[in-house]
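The values are calculated or read from the model by the stated rules, or taken from the named source; none is laboratory data. Since the model is a prediction, treat every value here as computed from it, not as a measurement. No Cβ is skipped: glycine too gets one built from the backbone with ideal geometry, and neighbour counts run over all protein chains shown.
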Amino acid sequence: MESIEIKELVEQITRTRGLDREFVINSLRESFIFAIRRVYRDPNYPIEVEIDGKTGKIEINVEKEVVKEVFDPRYQIEVENAKEYYPFPVPGIKIKVPIDLKSEIGRSVILRMKQIFLQKIQEAEKQHIYKGFEDRIGEIITGMVQKVDKTGIYVGLGKVEGFLPPEEQIKKEKYRPGQNIKALIIEVETKGKRPFVKLSRTHPNFLKELMKMEIPELMEGLIEIKGIARFPGERAKVAVHSKDEKIDPLGACVGIKGTRIQVITKELSGEKIDIIKWDPDILTFAARALSPAHPMNVFESEEKIIAIVPDEEIKVAKGTASQNVLLASALVGKEIWVVSQSEYVGKKKISIEKLKLDEEIKASLLKEVDGVFSIEELIGRIKSSKLISEEEIERIIKENKEVFE
């Protein structure tokens, strides 16, 4: 290869493939070294390659030992011949001897070098492209299904390959080659022989980004999504909050006659989406999160939230396979228990009636104390009601030891 040819090659690759100039030059250098070492069948052959990036000039030197008599010309050079490269050679020293590409290496080595170099560049270009996708993690991308098997769905994304593993697929969806598909970029794997862009259709942010695409107020930041909980392909709850009091976050997200949310539901294979108005008060938020149920009373008990609902709404509050209450719990960030009104009332009366109390005090508790579901809750309510002094509470607990145990 001539100097001009090398210079043009480096400039062309740097310009058209977006690779660093120094990387291209180093790759070319390594390709020469690898090809020459293969010719001499020595992976450690003492070869040095220097390439001037500005002029394209290439120098190849091999380290040889100066000897009186040569037994292996690959590693040795006679004293007389060494004088051409070193002023006063003596046996035993090592000197650098230049190699002529055309006369000593041959065309086959240069061709092999070119092949190795192009492979390096192609691999680097692929890595460069995939690295570019790292800045796009969290974005939705559209691709074409290329292959479907047990390991997952392989999706064409232009020059790169996307992969949708089983756990990131909506279970009831069927995919076929040639089908266009939207998915969220969640990871970019550049290591290994087969780099790929990992995709998801089940991630909460996939729903979030779909909503941004359909709802301008979200994209503009006038409305924000406070939380998302999903059973992909089945049901989801999204908590939204408006930064502008004039904008109704529920109406904006649902759209006129549900037009906006229906587009998203269709993309998610019929996933029903409940839009919930977020509230900083966790109890108000929990009550709303149980929609379409309408809790009569919501309060905290130890590490959970208790929601009392009308008897006729208990099934709605829990939902199919308890989906509604589970999604509400995930959205709020705290476990929610739903209890029917009749169950709640019955437990309250039974708990209090079991106590050995003065009838006047018992009547006051039945009137004033609510939200009783357990002995622990009852004690807490008695203490917080302030109907009885601390001393009286201790006496009641001792007298009703068998109830509180």
Looking at the stretch 298-315, is at least one residue at pLDDT 90 or above, touching an Asp or Glu at 6+ places or on another chain (Cβ under 9 Å), in a helix (DSSP H, G or I) and under 30 Å from Lys208 (Cβ atoms)?
-> no
Every residue from the stretch 293-315 that is in contact (Cβ under 8 Å) with a residue 24 or more places away in the chain and buried (at least 18 other Cβ atoms within 10 Å of the Cβ) = Ala293, Pro295, Ile305, Ile306, Ala307, Ile308, Val309
Contact list, first residue from the stretch 213-224 and in contact (Cβ under 8 Å) with a residue 60 or more places away in the chain and farther than 13 Å from Ser242 by Cβ, second anywhere and surrounded by fewer than 21 Cβ atoms within 10 Å (Cβ to Cβ) and of a type outside the set (Val, Ile, Thr), beta-carbon distance below 8 Å, six or more apart or interchain, is Met213/Met219
Kindly check whether there is at least one residue in the stretch 93-110 that is touching a strand residue (DSSP E or B) at 6+ places or on another chain (Cβ under 8 Å) and farther than 30 Å from Ile25 by Cβ.
-> yes
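Have a look at Glu209, Glu217 and point out the one that is under 30 Å from Val254 (Cβ atoms) and in contact with a Gly (Cβ under 9 Å, 6 or more places away or on another chain).
Every option except Glu209 fails the conditions.
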Could you check Arg288 against (1) part of a helix (DSSP H, G or I); (2) in the same structural domain as Glu220 (by TED's automatic domain parsing) and say which number it fails?
-> (2)
Say we look at the stretch 258-285 and pick out the residues that are acidic (Asp, Glu) and not in a loop (DSSP other than H, G, I, E, B); which of these is surrounded by the most Cβ atoms within 10 Å (Cβ to Cβ)?
-> Asp274
Does Glu161 qualify as being farther than 30 Å from Gly258 by Cα and assigned to a strand (DSSP E or B)?
-> yes
Name the residue, out of Ile77, Ile36, that is assigned to a strand (DSSP E or B), in the same structural domain as Ala124 (by TED's automatic domain parsing) and either charged (D, E, K, R) or crowded, with 17+ Cβ neighbours inside 10 Å (or both).
-> Ile77
Looking for whichever is in contact with a helix residue (DSSP H, G or I) (Cβ under 6 Å, 6 or more places away or on another chain) and not polar (S, T, N, Q) here; the options are Lys126, Lys120, Lys150, Lys114. Which one fits?
-> Lys120
